[in-house]
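Novice: Before I ask anything, here is the structure I am working with.
Only the coordinates and a few stated rules stand behind these numbers; no lab work does. Please read these numbers as outputs of a predicted model, since none were measured by experiment. In this analysis, Cβ positions are derived from the backbone assuming ideal geometry, glycine residues included, and neighbour counts consider all displayed protein chains.
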Amino acid sequence: MLQRFLDPTVLAGISGLDLIARTVVDGFVAGLHRSPDFGFSQEFAEYRAYSPGDDLRHVDWNVFARTERAYLKRYRGETNCQLTILLDCSRSMKFTSHTIDKLEYARYLTASMAYLAKMQRDAAGLIVFDDEVRNFVPPSTRQGQLARLLHAVEKAEVGNRTDYEKPFSHVREFLHRRGLIAVISDFWEAPEQVVKTIAPLRFHGNEVVLFHVLDPEEIRPKFRDPALLEDLESGATLEVSPEYVAKEYPAKMDAHLAEIESRAKGAGLDYFLIDTSRPLDAALREYLAIRKGRM
Amino acid sequence: MGFFTPWFLAGAVAVGLPIWLHLLKRHKTDPKLFPSLMFFEFRETSSVKHRRLDHLLLFALRVLMLLLLALLFASPFIRRSTAASNGKKLTVVAIDRSFSMRDGDRLDRAKNQALQVLGSLRPGDQAEVIALAGQVQALTQVTNDSAALRAAVASVQPGDSRASFGELARYLRTLSEAQKMPIEVHLASDLQKSAMPPGFADLRLAPATTLVLHPVGGAAKNWTVESVVAPRRVFDPKRVKIQATIAGFGTPAAKRTVTLLLNGRELQSKSVDVPENGRAPVEFLGLDAPYGFSKGEVRIDSADSLAIDDRYYFSTERADPRKVLFIDDGRHARAELYFRVALDASGDGGFHLETLRPDVAATATLANYAFVVLNDLSSVPQNLEGSLQLYVNGGGSVLAVLGPGSAVLPRVPVLDEAIQASSYAGREGDRFLTVTDIDSGHPALRSVDRFNGVKFYQAIHVSSGKSRVLAKLNDQTPLLLERAIGEGKVLAFTSTFDNVLNDLPIHASWVPFVAQIALYLGGGGAEQSLNLPVDSYVELRTGNSKGAAAEVLGPDGKRMLSLEQGVTARNIALDREGFFEVKSASGRRSLVAVHSDRRESDLAPIPAETLDLWKGTGSADSTPAGGAAGATGAADQPWGLWPYILLLLLGVAVAESVVADGFLRPSAPQREELKREAA
């Protein structure tokens, strides 16, 4: 039943990103028929003296054999996977042809990934950008990190036009530790430029995944009449005919998508195209697959 | 071409709407936001050009549609010559045969004038002869048969009706519309002023109608018995008063002798001074009438050429006071007292109240009573209700008074309406109820002053499915209901007569109310006046009593109805002076006195200038300059173009729909795209 909450149109009716994230992830996990601790491995943290009432299963009998004192082994989540989400909030992300726009969809995805990371004790961080870095939450496993992330996601508003060059050079300064970097954007830029800007993140040993968020109307626009189009970011206008939109635009768009995927993979970046009318689980599955590869 | 309503042409400015839609609006297309234009190119395809052509066609059709609509409302017409150009015209010869034409040899002179007109017609000329009285009577069809036309003129006999030139004008307008040719009307009449309609517009003649007058009268002095007021029924001959009015039209002051006759016997004679051109009242006291109907007459000594209006017929009936049955179960003694006193005080003493208990009344012969009152009965014996129903069906009348006693009954006796509840004027609301809705024109409620000031504290709520509500209280409870059953009728009063549930019995409207109710119910069926003017109608049956024959004997003693008419006719018009013996379908007999309309006695003619104006209404020359009719000739008639414009408009509307449909329908590639999406 929870699977239905993965549908973005259903999620749009839920207020509060934390609840959305929880709903998505619980629904997603329930769909996997696995434990919520999927991919979780435990790591020794410290010893603690036994006190009456403690579970005897956790007593380290080797230590007891050596010292004749009972100590309990304590564990903690593995935290050597650091997730950094780069969320594009340029003006083009505001576009929608149905219930939710691309930015909203990206917010759900970001919140869900952050929640999933918290469940796996991963350190999660967030960078919101358009042509500048608008917000930065450093990756951490501290108490309240999820709330900080969700607050930052909630606060993310559409800004100006996208410029990958400037913010990504800053991002490289922020990231000191190896980890997983998820870039959520509509990538309305020449594929060559996109890959050229993002690929350096990979040089530090990071796994980079590009979530290419697009509205179905962007992939296959449907115009019955000639229309005057205005570019959301530049404000330029152009009168286009339905014949062009029906025949030539899809071909160009398909070529663009193929090129960006090809160039991304050629640069060692994972690429995943997301249609905002589709449920979120495919994107989460992609994230987990990559996350698993890092374990 | 002209327009009947040219101001509607201003509606043509509505063409601005399609201009805005097609030309202006197109340049103000709202831009559609799109994330990036990096894959778009400017290209104006052939389909856009094609669509623009479609737009222009659609635009033209829409503009044309609006223009035609404005034109349709402006009602354009063209003037077309009528048959006048061929020299054809219709001659109408109208002869006045109203009551005033009995004066001297007026009618003979009128007929001579008519024959002269017919003699002047050329062979083949179309003509029609009509007679004018209360109604216009066509004596011939439109024909060129001279013999038939002359015979029709010869057959005209004087009548007793009143002439109406308004009716004549209406007939001529209809004729003009039907014949579509110029009409020449020759009116042979005494042209009485009293024959004019109330409004001059009613005299309007159709265009191309020429009125030629042949006056046969002139101012003449005339005395007449203008009116007589006599009681319908005489119960006590000594208390009877007969009032008459003697009028003189164009007369000098004179002394006239007025005589009262009854059944041809002279009873009283008085001398009265009639002022110059004025009126004088005369009153006769006492009328020694035998039992039954009597033929009365008030007559003055004749001193003018119109002697027939020197007498005035009236009819009266000598009868014993009729009995009214008051059925009471003894619980409301005061109600009987109030009702009896009001009945005695109500005038001529024509009713005598008899009170019986319900069980005794069940065995009484109800046909002996003028009407029956059921006073708040808590139970009605079955045989009493049965005999009441028979009594009402046969023409009797029942007044059912409802109160706390009747509230226990499921239905109102005889009226057969459900008793629903009892309405009280509660302490929390109004302290009393009043009458707010009343049919004050109803005979039973004519003099009750709308029950002003009467307070009702309780009323029985009765449903009014089959009955007519004559009066309502302010909480919408029906107060007085009426239902016609068979030949009779039933009234139900939903409050009591005992000064407990209301204060009506101690109110000023009580006695008139009882008097009117008694007259209305005691008359049996619809109470018809016995003294009527000529051309009045007498009702012969009220219900659906098929099979029962009615009978009417005219002044000459001949039957006026055939056997078939006797069993089917609902009423009959009395078209001449004299006494008519009427037996209605319910078996009730009456003697009706019919007298001519005394406005006919005023022989003063219409002023010449008024006649000139009347003649001018039919001529196109009389229309104001610049008027819609134009002055293109008397023989031209406006010919409306609206049917053709309407047809054209419908055609354009269909074309617009087809073009608009083609424009809105998706092209073949778009349809394929839609199919793919659906799949």
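Novice: Per-residue HN-Hα couplings for the range B:151-159, Karplus 6.51 cos²θ - 1.76 cosθ + 1.60 at θ = phi - 60°, whole Hz, x for Gly and Pro?
Specialist: So the J values, rounded to whole Hz, are 5, 5, 5, 5, 7, 5, 10, x, x.
Novice: In terms of modelled amide H atoms, which long-range or inter-chain residues lie less than 5 Å from the amide H of B:L433?
Specialist: B:F456, B:Y457
Novice: Let me ask something else. If each of B:A154 and A:K252 carries a label point 7 Å out from its Cα toward its Cβ, how far apart are those two points in nm?
Specialist: Each label point is offset 7 Å from its Cα along the Cβ direction, giving 10.6 nm.
Novice: If we sort A:161-174, B:452-465 on the protection proxy, mean other Cβ atoms within 10 Å, highest first, what's the order?
Specialist: Details: A:161-174: 16.5, B:452-465: 18.8.
The peptides rank, most packed first, as B:452-465, A:161-174.
Novice: Sticking with this one: Pop a pseudo-label 7 angstrom from the Cα along the beta-carbon direction at both B:D30 and B:K180 and give the gap in nm to one decimal.
Specialist: Distance between label points: 5.6 nm.
Novice: Would you grab the residues whose amide H sits under 5 Å from the one on B:V129? Only those 5+ places off in sequence or on another chain, please, with H modelled 1.01 Å from N.
Specialist: Answer set, sorted by chain and number: B:V93, B:L139, B:T140.
Novice: When you look at the Cβ of every residue in A:233-242, what mean number of other chain Cβ atoms sits within 10 Å? Mind dumping the intermediate values first?
Specialist: Working: counts 3, 3, 2, 3, 4, 7, 7, 10, 9, 8.
Neighbouring Cβ atoms belonging to other protein chains average 6 per residue here.
Novice: Could you name the lysines in cross-link range of A:K247, using Cα to Cα under 20 Å and dropping any fewer than eight places away on the same chain?
Specialist: The reachable lysines, counting only those whose Cα sits under 20 Å from A:K247, are A:K222, B:K32, B:K49, B:K675.
Novice: Per residue of A:83-95, count partner chain C-beta atoms within 10 Å of its C-beta, then hand back the mean as an integer.
Specialist: What the average comes to for A:83-95 is 1.
Novice: Loop only per DSSP, at most 11 neighbouring Cβ atoms within 10 Å: give me the GluC sites (Glu not before Pro) in the range B:263-299, ordered by residue number. Intermediate values should be presented prior to the final figure.
Specialist: Values: sites: B:E266, B:E276, B:E283, B:E297; in loops: B:E276.
Sites meeting the loop and neighbour criteria: B:E276.
Novice: Another question, if that's okay. If the range B:301-370 were replaced by its equivalent ellipsoid, with semi-axes equal to the square roots of 5 times the Cα gyration tensor eigenvalues, what would those be, largest first, whole Å?
Specialist: Numbers: eigenvalues 385, 45, 8 Å².
One finds semi-axes of 44, 15, 6 Å for the range B:301-370.
Novice: Using amide H atoms built in the peptide plane, which far-off residues or other-chain residues are under 5 Å from B:F326 H to H?
Specialist: HN-HN under 5 Å from B:F326: B:E354, B:T355, B:L356, B:V373.
Novice: Say the dipole of the range B:296-384 comes from +1 at the beta carbon of Lys and Arg and -1 at that of Asp and Glu; which of B:Y338, B:A303, B:Q382 then lies farthest toward its positive end?
Specialist: Comparing the listed Cα positions along the dipole, B:Q382 ranks first.
Novice: I've got another one for you. Tell me which of B:A220, B:T210, B:S189 sits at the most positive position along the dipole axis of the range B:185-235, charges placed on C-beta atoms (Lys, Arg +1; Asp, Glu -1).
Specialist: B:A220
Novice: Can you list the HN-Hα couplings for the range A:155-160, worked out from phi with the Karplus curve (6.51, -1.76, 1.60; θ = phi - 60°), rounded to whole Hz and with x for Gly and Pro?
Specialist: Calculated HN-Hα couplings, in order: 6, 5, 10, 5, x, 9 Hz.
Novice: Same structure again: Using a Förster radius of 60 Å, what is the FRET efficiency between A:H98 and A:D55 based on their Cβ-Cβ separation? Nearest 0.05, please.
Specialist: On the way: r = 52 Å, r/R0 = 0.86.
The computed FRET efficiency comes out at 0.70.
Novice: Within straight cross-link reach of B:K295, meaning Cα distance under 27 Å, which lysines are found once same-chain residues fewer than 8 apart are removed?
Specialist: B:K238, B:K241, B:K255, B:K270, B:K323, B:K558, B:K583
Novice: Ok, one more. What chymotrypsin sites (Phe, Trp or Tyr not before Pro) does the range B:233-296 have in DSSP loop regions with at most 10 other beta carbons within 10 Å?
Specialist: For chymotrypsin sites (Phe, Trp or Tyr not before Pro) across the range B:233-296 that sit outside H, G, I, E and B with at most 10 neighbouring Cβ atoms in 10 Å, the list reads B:Y291.
Novice: Under 15 Å Cα-Cα from B:K88, which aspartates and glutamates qualify once same-chain neighbours fewer than 8 residues away are excluded?
Specialist: Within the straight-line limit of under 15 Å, B:K88 reaches these aspartates and glutamates: B:D125, B:E128, B:E184, B:D636.
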